[in-house]
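Undergrad: Take this structure, written in structure tokens, and hold onto it; I'll ask about it next.
The values are calculated or read from the model by the stated rules, or taken from the named source; none is laboratory data. Everything numeric in this text was worked out from a predicted model, so none of it was measured. Don't worry about glycine lacking a Cβ; one is built from the backbone with ideal geometry, like all the others, and counts go over all protein chains shown.
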Amino acid sequence: MKELVLALITGLVVGAVFKLLKLPLPAPPVLPGILGIVGIYLGGIIVQRLIDWFK
């Protein structure tokens, strides 16, 4: 839980700093970014389960 709160705070600070400096936000477009993160997470889970299954 601590990591989630720290990640959220860090994201808020970085977003605020970029906005104050009038820079584009360092994030991909919302939906493709979310799908990319979900894909990375699911890929890791699938590979770990395959490794465990073939042991």
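Undergrad: Restricting attention to the stretch 4-18, report how many residues are loosely packed, with under 10 Cβ neighbours inside 10 Å and modelled with pLDDT under 90.
TA: 1
Undergrad: Taking only pairs six or more apart or across chains, which ones have beta-carbon atoms under 6 Å, a first residue in the stretch 15-30 that is on the phi < 0 side of the Ramachandran plot and assigned to a helix (DSSP H, G or I), and a second residue that is among the basic types (Lys, Arg) and surrounded by 10 or more Cβ atoms within 10 Å (Cβ to Cβ)?
TA: Listed pairs, sorted by first residue: none to list.
Undergrad: Looking at the stretch 26-39, which of its residues are surrounded by 10 or more Cβ atoms within 10 Å (Cβ to Cβ) and hydrophobic (A, V, I, L, M, F, W, C)?
TA: ALA27, ILE34, LEU35, ILE37, VAL38
So that you can scan it fast, the table gives a plain yes or no per residue for (1) among the aliphatic types (A, V, I, L, M); (2) within 14 Å of the chain's Cα centre (by Cα):
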site: LYS2; (1), (2): no, no
site: LEU20; (1), (2): yes, no
site: LEU31; (1), (2): yes, yes
site: LEU42; (1), (2): yes, yes
site: ILE51; (1), (2): yes, no
site: PHE54; (1), (2): no, no
